[in-house]
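To start, the structure under review is shown below, and the notes come after it.
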Amino acid sequence: MEVDEHNRSDFEKEEEEEDDSVSDILRDRFRLSAISIAESEAKRSGMEISPPIVACIADLAFKYIGQLAKDLELFAHHAGRKSVTMTDVIVSAHRNEHLAASLRSISYQ
């Protein structure tokens, strides 16, 4: 029985490492996209943006998105659903009325 628990533990460790690897890849891709968008917007408006600032903003945005995903999952679970709906997304934006209004207009089209 100890062998099975040991093997299971190794399997769980491998799964956790894979999850971390996927998270790292997603974070890096998100960061590259955020940097690209920031540079494009800065160029469009004739401004310069510091690379460390863009990297910091990208990292904060990635952390925010992770927390948002958890909140959406909780909203759906609280409503007895397994899937997130547009209503969950709108509820999550309640602190930003402009964003909530934009999301409502998109969802009712």
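Per the listing 36, 23, the residue uniquely part of a helix (DSSP H, G or I), modelled with pLDDT of 90 or more and of a type in the set (S, T, N, Q) is 36. One residue stands out among those in region 52-66 that are open to solvent by less than 70 Å² (accessible area, probe 1.4 Å) and among the aliphatic types (A, V, I, L, M): the one that is farthest from residue 32 (Cα to Cα), which is 61.
Scanning region 67-80 for residues that are under 8 Å from the mean Cα position of the chain (by Cα) and exposed (fewer than 13 other Cβ atoms within 10 Å of the Cβ) yields a count of 2. Of all residue pairs spaced 6 or more apart or on separate chains, those with beta-carbon atoms under 7 Å, a first member in region 14-28 that is touching a residue at least 12 places away in the same chain (Cβ under 8 Å) and a second member that is surrounded by 10 or more Cβ atoms within 10 Å (Cβ to Cβ) are 27/62.
The set of residues from region 83-109 being over 20 Å from the mean Cα position of the chain (by Cα) and either surrounded by 13 or more Cβ atoms within 10 Å (Cβ to Cβ) or not in a helix (DSSP H, G or I) (or both) comprises 104, 108, 109.
The values are calculated or read from the model by the stated rules, or taken from the named source; none is laboratory data. Fair warning: this is a prediction, and the values are worked out from it, not measured in the lab. Cβ sites come from the backbone with ideal geometry, for glycine too, and all protein chains shown count toward neighbours. SASA here: full protein model, heavy atoms, side chains in, ligands and nucleic acids out. Shrake-Rupley method; radii C 1.70, N 1.55, O 1.52, S 1.80 Å.
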